[in-house]
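These notes are about the structure you will find just below.
Please treat every number below as a calculation from the coordinates, not as lab data. The shown structure was predicted, so the numbers you read here are calculated from the model rather than taken from an experiment. Glycine gets a Cβ as well: all are built from the backbone with ideal geometry, and neighbour counts include every protein chain shown.
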Amino acid sequence: MNHLQTIRNDGGFTLIEAVMAGAVLAITMLGVAGFQGSSLAKNAQSKDTTVVTNFGVEMLERIQSNRQRVLDYHNIDTTASTPCPQTADKRQALADCQQWRAALIASNISGVRGTVSAILSDPAPTLGVPSLNRSNVVITVTWNTSAGSGTSMQSKTMTFRTVVAPE
């Protein structure tokens, strides 16, 4: 057999195969990059949710520790011009409100707002019905979060409810 007549089969890649493999790799990498951006946005939203949860629970704990004066916390609104109780007999509620408001502002969460509602839930003892002097407390924290890859914002709300009774 003549040396020139031998069919060569080196088993290598052709240029077309290399270009196709590169195209498949590029498309795959673009998909992964898209997931990474979405993942980063979801991580930021999760961080905000965690921080907001901590703020809500913190205020609940503050109110629980001052349970004899729970109604002093009614109508706290961290975005109002006077968000905190302003009378001298509500000093603990005032201090708690100011610290909570400062922490919310310092968090740099977009549009964050905290409100507290504390309403006596038991009937008044003057009606002849025994009262446990319990109060329903509702803490609401709202904030804005990015709605996704665009620039639009979405409002989120987290509500914490409890019943507080003096010891």
For this session: Can you check what the net charge comes to around residue 156, using other residues whose Cβ is under 14 Å from the Cβ of residue 156 (Lys, Arg +1; Asp, Glu -1)?
Result: +2
Exercise. R0 = 35 Å: FRET efficiency of residue 28 with residue 152, Cβ-based, nearest 0.05?
Worked result: 0.75
